[in-house]
1. Want the number for residue B:241 to residue B:314: 0.36 nm per residue separation, take away the alpha-carbon distance, what's left?
2. Determine the total buried accessible area between chain A and chain B, counting protein heavy atoms only with a 1.4 Å probe; round to the nearest 100 Å².
3. Quote the charge dipole size of the stretch A:1-123 about the Cα centre in Debye, to the nearest 20; the model charges only the Cβ of Lys and Arg (+1) and of Asp and Glu (-1).
4. Can you list the residues of the stretch A:300-339 that have at least 20 square angstrom less accessible area with all protein chains present than in their chain by itself, probe 1.4 Å?
5. How large is the Kirkwood hydrodynamic radius of chain B, counting all unique pairs of alpha carbons, in Å?
6. Would the stretch A:210-340 count as rounded, prolate or oblate if I go by the C-alpha gyration tensor, calling it rounded below 1.5 in a/c and otherwise prolate when a/b exceeds b/c, oblate otherwise?
7. Between the stretch A:56-78 and the stretch B:314-356, how far is it from one alpha carbon centroid to the other, in angstrom?
8. Under a Cβ-only charge scheme (Lys and Arg +1, Asp and Glu -1), can you give me the dipole magnitude of the stretch B:66-143 about the Cα centre, in debye to the nearest 20?
Protein chains: 2
Amino acid sequence: MSKVLVIGAGGVGVIAALSLWFKRESDISLVVRSDYDKVLKHGYTIESCDYGHLEGWKPDHVYSTVEDAAADANNKGYDYVVVTTKNIIDGPADSRVPNIIRPVLEKNKKLHGAQLTTHILLIQNGIDIEKEIWAEFPSEEYKYTVLSGIQLIGSTKIGAGHISQIGKDHLSCGAFDPQDTAAVHAANEFVRMYNNEGHNFVEFDPRVRYSRWKKLLYNAAINTSTALVGLDVPRCLEFGVDKKSTESELFHPAMREIIAIAASEGIIIEEEFITMFTEITRKKVFKPSMCVDREKGQLMELEVILGNPIRIAKENGVPTPTLSMLYNLLVLVQAKLKEQKGLLKFDEVTASLLDK
Amino acid sequence: MSKVLVIGAGGVGVIAALSLWFKRESDISLVVRSDYDKVLKHGYTIESCDYGHLEGWKPDHVYSTVEDAAADANNKGYDYVVVTTKNIIDGPADSRVPNIIRPVLEKNKKLHGAQLTTHILLIQNGIDIEKEIWAEFPSEEYKYTVLSGIQLIGSTKIGAGHISQIGKDHLSCGAFDPQDTAAVHAANEFVRMYNNEGHNFVEFDPRVRYSRWKKLLYNAAINTSTALVGLDVPRCLEFGVDKKSTESELFHPAMREIIAIAASEGIIIEEEFITMFTEITRKKVFKPSMCVDREKGQLMELEVILGNPIRIAKENGVPTPTLSMLYNLLVLVQAKLKEQKGLLKFDEVTASLLDK
């Protein structure tokens, strides 16, 4: 039985843990930071369109930190580490993914050396998110694979230990490096462990990079725009000049730039997805994640959604006027959020940013 | 003695009324909407860097509406109507400038026919603001001129009947139509009536269109950007990528586009003003008007600052990628403000804007 550690106990993480637990083919540990005491005592209350109403549900093990989870692994270690936190590469050091997962990788290395491969599954937005893990954990020293999880799910933590899932779970799981046969095998195995016929939908993703560029059509163009103006998607569309400008001057040009960047590395995203992603939430009064984060005063996944694509575009000589404007404006909003959280200091007397 | 009616009793309007009153060369009426009762009883409390501390100050006449002011004008009428309200051409009908001044023009017309010329001085931001007045009041029917007031002043209403002026008043006054000799004469006369040696600074503006394009460098590029991200100017500059992107990717390109639009109608704005306007508030922890309006939930002067320049650019075939992006985003923010004020209705069930 595989041992799985799920990190991040928001709407995504808890439903991921529940889905694996439901199948009963793995041993599930969940790291619950803020609601630990509550969950340990009373378990979760979950209203799920996939699994019904659950009261007092707990996975096999609950920990308040990754360190505790790593320590408690004793001679077993973890086969899978599923990361469902937001990926904020410009955030505080302790919230960056390599630092979050480090205790597990170190423990597995100490326990098993080259025997146990740790499969790191990133259920997260953005492009190039695997690279900082490859950069920080040399493959001669650590034995691991990095897997991609792309998820569509309408699931939110609506209170302490309380999850509401209103959109069916649809997960695509694959290997960031399709040449890595261990990773491909582990991804397929995860799909099997996660699949609950009639409840959720999970599939093996043979083209992770393609899928991630495709999802960026939505996130780089629509998620970002809603965050800037603070409106749900249908309002953005309807409030444009002649009800047209948001689509024709913002969403579509931004998406065409993503398609051009993907093409510059040989990945062809079909033009029809521009229409598909514009229509997908046209009638859903729904605020995408970056918009919600801004309103909640939380850092946005700006760099993995917009910064990384623009950096690739620069290297490959692809012009990105629309994406760059969105980025240069959102960088300011992100800094505003950082200042509110005390992550940067601005001195009003000298009117300048204080370097750390 | 000229009769002057000042409309709008915010930081700009009250100091304008005070400056004219101080000189004692005109009879000053002020339309005070929200603070009427308070001002009528107790007058204004004013802390002014130009005129010192005043307690219980009142102009010669105070009215709560323009209609009352027009009615009370009896057989004199008004020589000057000074409009200091915000110019929101996409706002509610009764707040649009032609509708605001209509009672005075009608009264003057009834009293004097072609005898009295009404000089309409617009102390307001933006370009093409005179045109809707020309369009709504045919010159065969109404005898009037339209004058331009461009003001630099740090003056704010900080409470009911309470004005704080911290930046010296600098007013440029000229004729929108430099061929209109009556307008040029009236502008010069106003400068004389407004000028208080050693207190304020006022000058005749021989090139109104040039001056307005010049001021738009700041307003179309900087005022707009701050409104989108909700930050003062130094933070916008310091929070950019490498502390550079706001300047190099937002402010400067937007200003160059304004220069190009002005050039398309034969007006040359010198490049050096790009640096001047970038530097002017680099060290001032200060939020420009549109940023303040958004935060207060008030409509922004978006159309006269950004919509009109872009429309001119379109007619003249000038590309405006930066300004158009700012505009297409701010149109959404403006609609959000309109929805908050009940000026438009969005139906969440059909996810669509309800037409009036």
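1. 23.2 nm
2. 3600 Å²
3. Value, rounded to 20: 300 debye.
4. A:325, A:328, A:329, A:331, A:332, A:335, A:336, A:339
5. Roughly 21.2 Å, rounded to one decimal.
6. Note, shape of the stretch A:210-340 comes out oblate.
7. Answer, in whole Å: 50.
8. Charge dipole of the stretch B:66-143: 200 debye, to the nearest 20.
The values are calculated or read from the model by the stated rules, or taken from the named source; none is laboratory data. Predicted model, so just to flag it, every value in this text is computed and none were measured. Heads up, the Cβs are rebuilt from the backbone with ideal geometry, glycines too, and the neighbour counts pull from every protein chain shown. Side chains included, ligands, DNA and RNA excluded: accessible areas come from the protein's heavy atoms. Shrake-Rupley method; radii C 1.70, N 1.55, O 1.52, S 1.80 Å.
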